[in-house]
Amino acid sequence: MNQSASGDVAERTAPSAGLRIGDIAPDFSARSTAGDIRLSDYRGRWLVLFSHPADFTPVCTTEFVALAQAAAQFDQRDCALMALSVDSLFSHFAWLRMIRDRFDIEVRFPIVEDPTLVIGKAYGMVAPQDRDSATVRTTFFIDPEGIIRAMTCYPANVGRSTPEMLRTLDALQAVHQGQVLAPANWEPGQPLLRQPSAKLDDVFAAKNQTDWFLKETRGGAQK
């Protein structure tokens, strides 16, 4: 159904309070700058869905310039970008024209219109009683099966970090298929961590006090 989200979403007073990591991302269909789209059509690849407070605002403009410049890097990771705001489709068009003319960059990833806040409320991007989404910048990292794997939420006066979005995506993809963990400040090419043992014999047999729960691994080979 147009401008709707499937599933029952409980009332809440804070953004992102309804959905959790591991939930299936609510499906929706809506108009966007790339035509009519449906979220479930993106199954089979990663998706970063993010809200922005409003078109023609300073922080949002810098974010969209940065993300448009990095779009190829997301594409190389088989990840699509999709933005959402309460502004109308034609406001989106005018804003993207301004960005192209001022910054010489075309924003080609879809920007969804959500004037009734139906999608934003279903995702917890705005609280049910809110009349606009100008208070939050929420980002959902959705895996190829449509499952939410990470979420971030920034205030309206602080822009997202594109490098951190890419790093988060890299880490999620690195741990997605195997029994490995991404340590603090992990970057591609660095060692991952193996899952800790749940056997007492392994704990006692470890060479030192930390080997049974804190051990690096590269390409599946333990270090």
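The values are calculated or read from the model by the stated rules, or taken from the named source; none is laboratory data. Note that the coordinates shown come from a computational prediction; the quantities given were computed from them, not determined experimentally. FYI the Cβ positions are ideal-geometry reconstructions off the backbone, even for glycines, and counts take in every protein chain you see.
Table: residues versus (1) under 16 Å from ILE147 (Cα atoms); (2) in the same structural domain as GLU113 (by TED's automatic domain parsing); (3) of a type in the set (A, V, I, L, M).
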residue: GLY18; (1), (2), (3): yes, no, no
residue: ASP23; (1), (2), (3): yes, no, no
residue: ILE37; (1), (2), (3): no, yes, yes
residue: ASP41; (1), (2), (3): yes, yes, no
residue: LEU47; (1), (2), (3): yes, yes, yes
residue: HIS52; (1), (2), (3): no, yes, no
residue: THR57; (1), (2), (3): no, yes, no
residue: THR62; (1), (2), (3): no, yes, no
- Is segment 87-104 home to any residue that is at pLDDT below 95 and buried (at least 18 other Cβ atoms within 10 Å of the Cβ)? yes
Those residues of segment 53-67 which are surrounded by fewer than 16 Cβ atoms within 10 Å (Cβ to Cβ) and outside any loop (DSSP other than H, G, I, E, B) amount to PRO58, THR62
*asked:* With the structure loaded, tell me whether VAL136 is within 15 Å of ASP55 (Cα to Cα), crowded, with 19+ Cβ neighbours inside 10 Å and modelled with pLDDT of 95 or more or whether it fails that test.
replied: no
Just one listed residue, out of GLY146, GLY120, GLY124, is closer than 24 Å to LEU49 by Cα, at pLDDT 95 or above and surrounded by 15 or more Cβ atoms within 10 Å (Cβ to Cβ), and it is GLY146
